[in-house]
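The values are calculated or read from the model by the stated rules, or taken from the named source; none is laboratory data. Here the structure is a predicted model, which is why all the values come from computation and not from measurement. Cβ atoms come from the backbone with ideal geometry, glycine included; neighbour counts cover every protein chain shown.
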Amino acid sequence: MATILEDSKFDAQRELNIVGTNPVKHDGLDKVTGRAKFGADFFLPGMLFGCILRSPHAHAIIKSIDTSAAEALPGVKSVVTRDDFPDQPAGSAAGDMTRVAMAREKALFDGHPVAAVAATSEAVARRALKLIKVDYEVLPHVIDPVDAMKPGAPILHDHIRTKGLDEPNDNPTNVTERMVSKMGDIEKGFAAADFIVEREFDSKPMHQGYIEPQGCVAEYSKDGQVELWCSTQAPFVYRDRLSAVLKIDAAKINVQQSELGGGFGGKTGFYPEPIAIQLSKKATRPVKMVLSRGEVFRGTGPVSGTSYKIKMGCTKDGKITAAQGELIFQTGIFTGSMYFNAPNAMFTRYDLENVYIESFEVVSNRPKVNSFRAPCVPQIVFGVEGVIDELAKKIDMDPLDMRLKNAATEGYTTIYGETLGPIGFVETLEAAKASDHYKSPVPEGQGRGIGSGFWFNRGGETSTSMNIAPDGSVTIITGTADVAGSRISIAMMAAEELGIPVDKVRITMADTNSLGFNRVTAGSRTTYSVGMTVVDNARECISQFVRRAAEIWDVPEDAVVFENGECRPAGQNAGNFEPLSIADITKQTTMSHGAVTASTSMNVTGAGPGFGLHIVDVKVDEETGRTDVMRYTVVEDAGKAIHPLQVEGQYQGGAVQGIGWALNEEYVYGEDGRLQNASFLDYRMPVTSDVPMIDTVIVEVPNPLHPFGLRGVGEVPVVPTMAAIGNAIGNAIGIRPRSLPMSPPKLLELIDNADR
Amino acid sequence: MVKKAHVTTSVNGDEYEYLCEPGQTLVDVLRNELELTGTKEGCSTGDCGACSVMLEGELVCSCLVLAVETDGKSVETIEGMAKGDDLHPLQRNFLELNGLQCGICTPGVLIAAKALLERNPNPTETETRFWLAGNLCRCTGYDKIVRSVMAAAEEMRGA
Ligand code: FES
Ligand code: FES
């Protein structure tokens, strides 16, 4: 199978009936009536409840674990510790995943699981946890990544040697990797600059903040078959990783995804699932586990915190001549932050020749980070866009014009080596410039800021199948998670292709036994990639309709055309036949020929990059340091909005997550290395009354490699948010903040110390 | 072992008799004893609103109410909002205006919004936002939630 549908390129002339409209999503009814089943909503006969004992120490050797008293408690059916997981070498991929699930030699962060219990009720399981005795030898810990890089810092893993050094050495370290990304000649670039700005920035980890905690039910049957129901963005990835960690054939693990109550990247890797499986194996009964909110904060991946420097130079007329970055990413206790996205994306959207970026990834005593919309990019764009604004001020240029002047266009070769096809960055900037928001004067007492952002968008391995029922209605089987309503967009593309009403199409999210491998729903890949396979399947089904119609009419196949959901004679000479609808054909031929079906597995390529520009007005209370977002506009290229309301929802949701990250959200650790704000009360996410309506402008510069022209829309909306808000606050108070979050105490300090 | 209490609660007009531990919360009983899983649990500390239900006509977080406190009382949950196939105008407007993405916050938001419209059939945007400030949603950015509630209010005033 081809990786791109050769005959499926975008066709600008095509008339669309369904794509671009806003039908009610098929999963909506169950969600407004309480019938939708999420991770915590499964029950099985004989089910036990599992709970986790977590380390109170940031760094400690686990000398021994005594579970005998817990095991003796009536109602307790199994207890597991490190001894119940296959040994996997430290530093290997499976070794790290095993140690994320359950501490082995050491407890490595506050909240690290050290044991778990399955019992007849949650109350009994919790009582049993208190009876487990763990003998710890507490070690010095390190929370801050910059501290973790210093000589003399506690070394957290024996096996880490920094990869990517010019002169490799054999010293144990907390720096997992150094990466240099460059193009052109940075020295020459700065030499050509009339103005140079260099600034230091930092950001704290924030949490993905999905409202549904991880929840699952695992059943390990006697013949070694595992059934797992869980809330996940990546059923197939969970299966394959569980297979590696638990040393069970992938084919013996069947993962059935529930409805997903938010993920945003945070449900791309498992947490309680392997524990639930091992508890079930030992207890020989199904085990349900649901994390508490405190466990979600302490034990599941937040986003990388960063410390970094940005240096950029430009000419008097605003051309950026050089861009440099030195970036430090904290990855939590294990490598895997995807920090490499940052050098690849942080400047990409500008037509730069001379770039030099040196990046480091560092471990510290925190939970391993997990991905979040455009992993590792937004927190760096916060600094990049701040520096560009400063340069624009130096040359007295409108900040939007400065971005327009430097905007990359088709044909630009990026730092990661891709030559861009048709992209919509200039169109996005122009739409922003023409927007009511940008044209309106900045209200008295407020500051306005803009920020721009980019994301690659992704394709990847995707398998789906399509089955036409005898009555002509259509089921599509997908294996990707639906994180926000992709099902309706996928159904719409199928309906458009087949020429039938969208209500005739239903989507089933299959378990991992039912389809070929599907990559994680992440990186804005799902609607794009699944859409490709669905169009491919629809075209295969159409060719079968045509063949069957030709047989019914006893004419050659090329005398039949398929249009608007019907087969008709190709012209006068083809014969005089009443058109046959899909249902006519399937009714007449399913018995004789079998059902019309199609399946596709492909590695989808050709994703079209996405660009956005945000405009925001803020008011800063100089007495309290509190920032209010007064007006917000997201302008972004969708390629093509299949379901515009869904696309707007992505823009708005991303922006408000970014508002939280910009103004409030952060992980706060005490001297003791323990997380101090592991609740929604102390980790404050934006609530309804914190934000205004979020205006949206959908730009449509089609992706030529997709039949409907779409790009992904899930990541870009959060990329420029903190940057735009930072610039707005800078314009409001006269000094641009350089530390995220821009919380009231930090802004007060800035205001008090500013010599304005 | 603590002795279980015998409790009778009316949920959406149906009488349920059950045994529960004295410390068991209403959300726990609704979900795990009565298997009415439409009510969601996002935090168990009263901070997310996913567990919102009506207790004797008052909006409460069911994670902060003990099930034993509801003995002889009436509770309304999301499962009781539609009358058969007849959706409440709030439910319909959330569907049509895309007031939900993942849907995990939706039952709680709908219950809270219904409570708002019962006291204030004509809320301003600000009133709507402050009333719903106890219901976290991480997906939508709230824009389409607020619009859905206000559209439903308008429809209900007209009806
Ligand atoms: S679960 Fe009750 S408020 Fe969050
Ligand atoms: S729709 Fe997902 S949390 Fe509100």
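For region B:21-38, name all the residues that are under 20 Å from B:Gly49 (Cβ atoms) and aliphatic (A, V, I, L, M). Hits for region B:21-38 are B:Leu26, B:Val27, B:Val29, B:Leu30, B:Leu36.
The lone criterion from (1) buried (at least 19 other Cβ atoms within 10 Å of the Cβ); (2) in a helix (DSSP H, G or I) left unmet by A:Ser689 is number (1).
When region B:1-46 is filtered for residues that are in a loop (DSSP other than H, G, I, E, B), farther than 25 Å from A:Ile211 by Cβ, of a type outside the set (Val, Ile, Thr) and free of Cβ contacts under 8 Å to residues at least 60 places away in the same chain, the ones remaining, listed by number, are B:Met1, B:Lys3, B:Lys4, B:Glu21, B:Pro22. Being within 16 Å of the chain's Cα centre (by Cα), within 15 Å of ligand 1 (Cβ to nearest atom), within 13 Å of chain A (Cβ to nearest Cβ) and farther than 30 Å from A:Pro74 by Cα is true of B:Gly49.
The set of residues from region B:107-156 being away from ligand 1 (no atom under 16 Å from the Cβ), without any contact (Cβ under 8 Å) to a residue 60 or more places away in the chain and of a type in the set (Gly, Ala, Ser) comprises B:Gly141, B:Ser148, B:Ala151, B:Ala153.
Might you check whether a residue that is of a type in the set (Lys, Arg), away from ligand 1 (no atom under 16 Å from the Cβ), within 12 Å of chain A (Cβ to nearest Cβ) and farther than 17 Å from A:Lys31 by Cβ occurs anywhere in region B:86-95?
First pass over region B:86-95, keeping only residues of a type in the set (Lys, Arg): B:92.
Subsequent filtering for residues that are away from ligand 1 (no atom under 16 Å from the Cβ) retains B:92.
With within 12 Å of chain A (Cβ to nearest Cβ) added as a condition, the list becomes B:92.
When the remaining residues are screened for being farther than 17 Å from A:Lys31 by Cβ, the result is none.
No, region B:86-95 has no match at all.
At least 2 residues being among the aliphatic types (A, V, I, L, M) and surrounded by fewer than 18 Cβ atoms within 10 Å (Cβ to Cβ) is the threshold, and among the strands (runs of 3 or more DSSP E) wholly inside region A:111-227 those reaching it are A:175-183. Does A:Leu391 satisfy the criteria of being within 23 Å of A:Lys640 (Cβ to Cβ) and crowded, with 18+ Cβ neighbours inside 10 Å? No: the conditions fail for A:Leu391. Only one of the listed residues (A:Asn573, A:Asn564) is under 24 Å from A:Phe708 (Cβ atoms), modelled with pLDDT under 95 and either surrounded by fewer than 19 Cβ atoms within 10 Å (Cβ to Cβ) or of a type in the set (Phe, Trp, Tyr) (or both). That residue is A:Asn564.
Condition first: in contact with a Cys (Cβ under 9 Å, 6 or more places away or on another chain) and of a type in the set (A, V, I, L, M). Now tell me which residues in region B:114-159 satisfy that. Walk me through how you get there before you give the answer.
First, pick out the residues of region B:114-159 that are in contact with a Cys (Cβ under 9 Å, 6 or more places away or on another chain): B:134-140, B:145.
If the condition is that a residue be in contact with a Cys (Cβ under 9 Å, 6 or more places away or on another chain) and of a type in the set (A, V, I, L, M), then B:Leu136, B:Ile145 are the ones that fit.
Residue-by-condition table, conditions (1) in contact with a Lys or Arg (Cβ under 8 Å, 6 or more places away or on another chain); (2) modelled with pLDDT under 95:
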{"residue": "A:His207", "(1), (2)": "no, no"}
{"residue": "A:Tyr210", "(1), (2)": "yes, no"}
{"residue": "A:Lys222", "(1), (2)": "no, yes"}
{"residue": "A:Tyr238", "(1), (2)": "no, no"}
{"residue": "A:Lys252", "(1), (2)": "no, no"}
{"residue": "A:Ile275", "(1), (2)": "no, no"}
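Scanning region B:43-60 for residues that are surrounded by 19 or more Cβ atoms within 10 Å (Cβ to Cβ), of a type outside the set (Val, Ile, Thr) and more than 16 Å from ligand 2 (Cβ to nearest atom) gives B:Ser44, B:Met54, B:Leu59. Applying the condition of being touching a Lys or Arg at 6+ places or on another chain (Cβ under 9 Å) and among the β-branched types (Val, Ile, Thr) to region A:429-469 and asking which residue is modelled with the lowest pLDDT yields A:Thr462.
In region A:674-685, is there at least one residue being more than 14 Å from chain B (Cβ to nearest Cβ), out of contact with any strand residue (DSSP E or B) (no Cβ under 9 Å at 6 or more places or on another chain), crowded, with 21+ Cβ neighbours inside 10 Å and touching a residue at least 24 places away in the same chain (Cβ under 8 Å)? No. Take the conditions (1) more than 16 Å from ligand 2 (Cβ to nearest atom); (2) at pLDDT 95 or above; (3) not acidic (Asp, Glu); A:Leu260 misses just one of them, which is (1).
Kindly evaluate A:Phe545 against the criterion of being in contact (Cβ under 8 Å) with a residue 60 or more places away in the chain and of a type in the set (Phe, Trp, Tyr).
Spelling it out, it is not the case that A:Phe545 is in contact (Cβ under 8 Å) with a residue 60 or more places away in the chain and of a type in the set (Phe, Trp, Tyr).
Just so you know, in region A:405-425 the residues that are β-branched (Val, Ile, Thr) and loosely packed, with under 15 Cβ neighbours inside 10 Å include one that is nearest to A:Ile388 (Cα to Cα), and it is A:Thr409. Evaluate the following for A:Asp752: is it closer than 23 Å to B:Ile145 by Cβ, of a type in the set (Asp, Glu) and more than 22 Å from the chain's Cα centre (by Cα)? It is false that A:Asp752 is closer than 23 Å to B:Ile145 by Cβ, of a type in the set (Asp, Glu) and more than 22 Å from the chain's Cα centre (by Cα).
Quick check on region B:52-70: of everything there that is within 11 Å of ligand 1 (Cβ to nearest atom) and of a type in the set (S, T, N, Q), which residue is nearest to B:Gly103 (Cα to Cα)?
Pass one, region B:52-70, residues within 11 Å of ligand 1 (Cβ to nearest atom): B:52-53, B:60-65.
Retained after the next criterion (residues that are of a type in the set (S, T, N, Q)): B:52, B:62.
Working: B:Ser52: 14, B:Ser62: 18 Å.
So the residue we want is B:Ser52.
I'm trying to understand the selection: among the residues of region A:645-670, which are within 10 Å of chain B (Cβ to nearest Cβ) and of a type in the set (Gly, Ala, Ser)? Scanning region A:645-670 gives A:Gly649, A:Gly653, A:Gly654, A:Ala655, A:Gly658, A:Gly660.
Out of the residues in region A:80-94 that are buried (at least 18 other Cβ atoms within 10 Å of the Cβ) and free of Cβ contacts under 8 Å to residues at least 60 places away in the same chain, which is nearest to A:Phe43 (Cα to Cα)? Among those residues, the one meeting the criterion is A:Thr81.
Looking only at strands (runs of 3 or more DSSP E) that lie completely in region A:505-611, which have at least 1 residues being touching an Asp or Glu at 6+ places or on another chain (Cβ under 6 Å)? If you could, list the steps in order and put the result at the bottom.
Working: elements: A:505-509, A:560-563, A:566-569, A:596-604.
Strands (runs of 3 or more DSSP E) meeting the threshold: A:596-604.
Please enumerate the residues belonging to region A:213-245 that are among the hydrophobic types (A, V, I, L, M, F, W, C) and either within 14 Å of another protein chain (Cβ to nearest Cβ) or under 20 Å from A:Met47 (Cβ atoms) (or both). Write out each step before concluding.
Pass one, region A:213-245, residues among the hydrophobic types (A, V, I, L, M, F, W, C): A:216-218, A:226, A:228-230, A:234, A:236-237, A:242, A:244-245.
Passing the criteria: A:Cys216, A:Val217, A:Ala218, A:Val226, A:Leu228, A:Trp229, A:Cys230, A:Leu242.
Evaluation of A:Thr232 against the conditions (1) under 22 Å from A:Gly653 (Cα atoms); (2) without any contact (Cβ under 8 Å) to a residue 24 or more places away in the chain; (3) not basic (Lys, Arg) shows that the sole unmet condition is (2).
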